[in-house]
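I have placed the structure first, in the form of C-alpha cells, so that the comments after it can refer back to it.
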Amino acid sequence: MGTLLEVEDLTVWLATRNGPRKAVDGLTFRVDSGEVFGIAGESGSGKTMTAMALLGLLPHAARTSGRAVFEGRDLLAMKPRELRDVRGRSIAMVSQDPSTSLHPMLSIETQVTEHMRHHLGVGKSEARGRAVELLSTVRIPDPERALRAHPAQFSGGMRQRIAIAVALACEPRLLLADEPTTALDVTVQAGILRLLNRLRQERDLAVVVITHDLGVMSAVADRICVMYGGRTAEIGPRETVLTHPRHPYTRGLLDALPHPEGGAATLRPIPGSPPSLGAVPEGCPFHPRCAFAVASCREERPEPVPVGSDHRVACPPDPLGGEA
Amino acid sequence: MSSAKPKSGAPGTGRRAARPGGVLLRFLARRLAAALLLCVGITLVAFTLTQLVPGDPAAANLGQQAIGDPAAVAAFRAKYGLDQPLPVQYLTYIGNVFQGNLGMSQQSHRPVAEDLAEFVPATIELALFAIVVSLLVGVALGVVAAVNRDRWPDQVLRVVSLGGVSMPTFWVALVAFYLLSFKFDLLPGTGRLDPVLSPPPYTTGFYSVDAALAGQWDVMWSALGHLVLPSLVLAVYTVGMLMRFSRASVLEILGNDYVRAARAKGLPERVVIVRHVLRPAMVAIITVAGVAFGSLLSGAVLVEKIFSWPGVGQYAYRSAVNLDLPGIMGVSIVVAAVYILINLLVDLLYGVIDPRIRLT
Ligand SMILES: Nc1ncnc2c1ncn2[C@@H]1O[C@H](COP(=O)(O)OP(=O)(O)O)[C@@H](O)[C@H]1O
Ligand code: SF4
Ligand SMILES: [Mg+2]
C-alpha cells in the first residue's frame, strides 16, 4: 500500500482578536491508500482545522505552514484554482451534521450530481444514472424517487448516507469524515461506520475519520493519531494505541470510555478541560491535567518520538512504558 | 421549520403523495379568502375615517356661492347619497364596489373606476420599474459587499447604501430633476410621454407595454425614457435598503455548513454564491422587497408631484384636498388591494424558492 497523503509539520494559525493563534501545531502523519486513518482528541484539539487546512477551507484570514503532499502535490502550496479541482474530486468531505451540511432547498439530485457534472463533465442523464447507483450503494431505498426529494424528507441516518453518496460522486481517493456519526442516534451510528468500512474496501478509498470518541475508532480505524492542544500526543496502529497506550492522554481517553460490562462505575473522566485557542500551556500541553507530570514536563515541548514499529509518542518521561 | 422524519427513511412517505401542487393551491386559496376579508375590513376603515374627517364635502365641492343655497346643497347630498343613514351608505357602497362601481368622483365628474384605471397603472408602472431596478442593483451590490466583507468594496458600498437610505426623496428628486433634466437635458423630466405623442391604445394602462403591443415603437421608447428619472429617484432609497439587507442576509447564509459543503465539492465560487447562497438568502430578501415596494408606493406621491406623473398619488392628493369621498375610498381600496397582492406574491415566491414550504 502506497502513501496517499503525507502531512509534515502542519501548523495552522487562526485569526483572533489578539492576533494569530495556533490551532494546529506541527502535526506530522501519513495516510496510506485504502486505509482508515483516525484522528482523535477532545473537542477543541484542532481536528477539524486539520481537515479544513487540507481542503483549503480554513476560516477567514487563517494561515498555514508545513506541507501536505497528496498524490505528489503539496495541497498547502496550491493556488485556489488548483485546489478547487482537487476538492470534491480527489478529496471529499463528510461533515458532522447532515441536517445542516445538505442544502435544505436543493433536490437530492442536484446535490449528488452538480460537482460530478462540473468535475467530470458528464451530462444530465448520465449523472442521474450514476446518482441512482450511488444512492443504492449507500443503501437508500427507492433511489429514483429519492433524487426528486429534499433533505427534510429523510431521517438523520439517511441524510448522512446521502451526504456520503455526495462525497463519493466523483470517486475520490480520500474521504475526510469529520465526526460522521456524532450527530446521529446511537442505533444508526454502527450502520454508517460499517458503510464507510465497506466503501473503502470496495473502492480503494482512504478515509480519515475524525472523532472525539475512541469507541468509534476501535470500530473502523487502521491507524490512529491522538491530538491534544493542536499537537500529536500519540500515533500508531489501532491495536497498539488502544490496547497499549503509551501517552497518559490516550490512557485518560480510554479510561473515560464506558466499559460494556462495568457500567458507569468504571467511567473515569480526565480532570480539567482542554486548553482554548491561544492558551496552550508551555512544555507538554497536557501537563496541567496529567497525573504523571514531572518538573521537566512544564518546560520542554515534547516531540513525538518512535517507541515501537510505526508508533510514536510525545511523552519523554514515558510513565506507561513499563506497562506494555 | 419542521424536520420531518419518516421512520423508514423512504422519501416522502405520505407527504409527497399529497401532491405538492394541491397543497400550494389550498394554501393560496386560504390566503385569498383572508385577503378578501381584509379588503372588506379596509373599506370599512376607509369609510369610517372619511366620516370622522371634519369638513363638509358639499362645501368643499360646491364653492362659496352655492353653499348659501340650501337647494343646491340638498341636491348635491341627494345625488351622492349623503342624505342616507351611514350603514346604508356603507352597504350601498360595498355592493357597488363588488360590481366594480366605485361611485362618481365629485371632482372629475367621472366614475372613480375610470379615473383609477388611468391613474393606477401609471403608478404601478413606475413602482414596478423602480422595484425591478432596485432588486437587480440592490441585491447584486449586497452580494458584492458580503463576499468582500470588510475589504474596500464593502466599505465603499456601505457609504453608498447609507447615502441611499438617508437622503430625503424630495431632495434627491429635485437635484436629479435639476441636473439630469433641466441643466444637462439628459433625460425627459416630466409626464409620461413626449407632448407630441399621443398615448397608445389602452390594454394594460402601462404605456410602455401598450405601445409595444400596438407596435408603436417611438411611443414605447418615449414612455421608457420618461420612466427612467422618476423611477431611479424612487429607487435610491430601496436600493440602499435592499443592499444593506442583502448583505446581511448573504453573510448569514455564508456561515452555514451547507455553504462550506458546497465549497468542499470544488464548485466555482460563482456557482456556490448563486445556487447555494443566493437562493436561501432570497427568502429574506423577498420579504423586504415586498416592504420596499410598499415604501415605493408612498414615495410615489411626492415623486409624481415633482415629475408631473399622472399617477394615483396625484389623484389621491387631489381627492383628499377636495374631500372627494368616492375618490378617497377608491384609492384606499386599490392601495389595500395592491398591498395584499404583494403579500400574496411574496408568499407564492416563498413556495417557489423553498420546497419545504410547498410541502408543509
Ligand atoms: N472559525 C474559528 N475562529 C477562531 N477559532 C476557531 C474557529 N474554529 C475553531 N476555532 C478554535 O480552534 C481550535 C481548534 O478547533 P477545531 O479544529 O474545531 O477542534 P476540534 O475539531 O478538534 O473540536 C479550538 O480552540 C476552537 O475554539
Ligand atoms: S510529558 Fe509529562 S505532562 Fe506530558 S503527558 Fe507525558 S508525563 Fe504527562
Ligand atoms: Mg471538530
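Scan segment A:151-158 and give yes if some residue there is in the same structural domain as residue A:85 (by TED's automatic domain parsing), out of contact with any Leu (no Cβ under 8 Å at 6 or more places or on another chain) and touching a residue at least 12 places away in the same chain (Cβ under 8 Å), otherwise no.
At the first step, the residues of segment A:151-158 found to be in the same structural domain as residue A:85 (by TED's automatic domain parsing) are none.
No, segment A:151-158 contains no residue that is in the same structural domain as residue A:85 (by TED's automatic domain parsing), out of contact with any Leu (no Cβ under 8 Å at 6 or more places or on another chain) and touching a residue at least 12 places away in the same chain (Cβ under 8 Å).
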- request: Six or more apart or on different chains, Cβ under 7 Å: which pairs go from a residue in segment B:130-146 that's free of Cβ contacts under 8 Å to residues at least 24 places away in the same chain to one that's buried (at least 17 other Cβ atoms within 10 Å of the Cβ) and assigned to a helix (DSSP H, G or I)? Could you list them?
  value: B:144/B:157
query: Consider residue A:120 against the criteria (1) out of contact with any helix residue (DSSP H, G or I) (no Cβ under 6 Å at 6 or more places or on another chain); (2) open to solvent by 10 Å² or more (accessible area, probe 1.4 Å); (3) facing another protein chain (nearest Cβ under 9 Å): it satisfies all of them except one. Which criterion is unmet?
result: (3)
query: Which members of segment B:148-204 meet the condition of being free of Cβ contacts under 8 Å to residues at least 12 places away in the same chain, open to solvent by less than 40 Å² (accessible area, probe 1.4 Å) and not in a helix (DSSP H, G or I)?
result: B:148
message: Any residue at all in segment A:228-235 that's away from ligand 3 (no atom under 16 Å from the Cβ) and farther than 20 Å from residue A:50 by Cβ?
response: no
- line: Note on segment B:267-277: residues within 19 Å of residue A:101 (Cβ to Cβ) and not in a helix (DSSP H, G or I) are B:267
message: I'm trying to understand the selection: among the residues of segment A:147-181, which are polar (S, T, N, Q) and open to solvent by less than 10 Å² (accessible area, probe 1.4 Å)?
response: A:153, A:160, A:181
- request: Being within 14 Å of chain A (Cβ to nearest Cβ), open to solvent by 10 Å² or more (accessible area, probe 1.4 Å) and either of a type outside the set (Val, Ile, Thr) or under 21 Å from residue B:345 (Cβ atoms) (or both) narrows it down to one of B:256, B:322, so name that one.
  value: B:256
- request: Within segment B:232-253, work out how many residues are basic (Lys, Arg) and buried (at least 24 other Cβ atoms within 10 Å of the Cβ).
  value: 1
statement: Exception for residue B:208 within (1) of a type in the set (Gly, Ala, Ser); (2) within 14 Å of another protein chain (Cβ to nearest Cβ); (3) assigned to a helix (DSSP H, G or I) falls at (2)
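On the given criteria, is residue A:23 within 13 Å of ligand 1 (Cβ to nearest atom) and modelled with pLDDT of 95 or more? Give the derivation first.
On the way: within 13 Å of ligand 1 (Cβ to nearest atom): yes; modelled with pLDDT of 95 or more: yes.
For residue A:23, the condition - within 13 Å of ligand 1 (Cβ to nearest atom) and modelled with pLDDT of 95 or more - is met.
Quick grid of which residues meet (1) under 21 Å from residue A:301 (Cα atoms); (2) open to solvent by 60 Å² or more (accessible area, probe 1.4 Å); (3) within 14 Å of chain B (Cβ to nearest Cβ); (4) within 16 Å of ligand 3 (Cβ to nearest atom):
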| residue | (1), (2), (3), (4) |
| --- | --- |
| A:11 | yes, no, no, no |
| A:20 | yes, yes, no, no |
| A:31 | no, no, no, no |
| A:36 | no, no, no, no |
| A:47 | yes, no, no, yes |
| A:56 | no, no, yes, no |
| A:65 | yes, no, no, no |
field: Conditions (1) more than 29 Å from residue A:198 (Cβ to Cβ); (2) free of Cβ contacts under 8 Å to residues at least 60 places away in the same chain; number of the one not met by residue A:114
entry: (1)
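Restricting attention to segment B:90-124, which residues are in contact with a strand residue (DSSP E or B) (Cβ under 8 Å, 6 or more places away or on another chain), under 17 Å from residue B:337 (Cβ atoms) and either without any contact (Cβ under 8 Å) to a residue 12 or more places away in the chain or open to solvent by 50 Å² or more (accessible area, probe 1.4 Å) (or both)?
First, the residues of segment B:90-124 that are in contact with a strand residue (DSSP E or B) (Cβ under 8 Å, 6 or more places away or on another chain): B:101-105, B:110-112.
Restricting the remaining residues to those that are under 17 Å from residue B:337 (Cβ atoms) gives B:101-103, B:112.
Listed by number, the list holds a single entry, B:101.
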field: Only one of A:298, A:289 that is surrounded by fewer than 16 Cβ atoms within 10 Å (Cβ to Cβ) and either modelled with pLDDT under 95 or under 21 Å from residue A:23 (Cα atoms) (or both)
entry: A:298
query: Restricted to segment A:90-115, and to residues that are within 7 Å of chain B (Cβ to nearest Cβ) and assigned to a helix (DSSP H, G or I), which residue is nearest to residue A:49 (Cα to Cα)?
result: A:101
message: With the structure loaded, tell me whether residue A:223 is surrounded by 15 or more Cβ atoms within 10 Å (Cβ to Cβ), modelled with pLDDT of 95 or more, closer than 25 Å to residue A:51 by Cα and away from ligand 2 (no atom under 16 Å from the Cβ) or whether it fails that test.
response: yes
Segment A:123-146 - residue that is open to solvent by 40 Å² or more (accessible area, probe 1.4 Å) and of a type in the set (Ser, Thr, Tyr) and, of those, nearest to the other protein chains (Cβ to nearest Cβ): A:136
query: Residue check, residue B:87 against (1) part of a loop (DSSP other than H, G, I, E, B); (2) open to solvent by 30 Å² or more (accessible area, probe 1.4 Å), all met but one. Which one?
result: (1)
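Do the conditions hold for residue B:298, that is, is it surrounded by fewer than 17 Cβ atoms within 10 Å (Cβ to Cβ) and touching a helix residue (DSSP H, G or I) at 6+ places or on another chain (Cβ under 9 Å)?
Working: surrounded by fewer than 17 Cβ atoms within 10 Å (Cβ to Cβ): yes; touching a helix residue (DSSP H, G or I) at 6+ places or on another chain (Cβ under 9 Å): yes.
Yes; evaluated as a whole, the condition is true for this residue.
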- prompt: Do we find a residue being closer than 23 Å to residue A:159 by Cβ, within 7 Å of chain B (Cβ to nearest Cβ) and open to solvent by 50 Å² or more (accessible area, probe 1.4 Å) anywhere in segment A:82-89?
  reply: yes
- prompt: So which pairs qualify, if the first residue must be in segment A:271-284 and open to solvent by less than 80 Å² (accessible area, probe 1.4 Å), the second must be charged (D, E, K, R) and within 16 Å of ligand 3 (Cβ to nearest atom), the Cβ gap must be under 6 Å, and the two must be at least 6 apart or on different chains?
  reply: A:274/A:42
message: Being touching a Phe, Trp or Tyr at 6+ places or on another chain (Cβ under 7 Å) and either closer than 25 Å to residue A:229 by Cβ or open to solvent by 10 Å² or more (accessible area, probe 1.4 Å) (or both): is that true of residue A:100 here?
response: yes
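The values are calculated or read from the model by the stated rules, or taken from the named source; none is laboratory data. Just so we're clear, the structure is a prediction, and the values are computed from it rather than from any experiment. Cβ coordinates were reconstructed from backbone atoms using ideal geometry, including for glycine residues, and neighbour counts include every protein chain displayed. We work out accessible area using only protein heavy atoms, side chains counted, and drop any ligands, DNA or RNA first. Shrake-Rupley method; radii C 1.70, N 1.55, O 1.52, S 1.80 Å.
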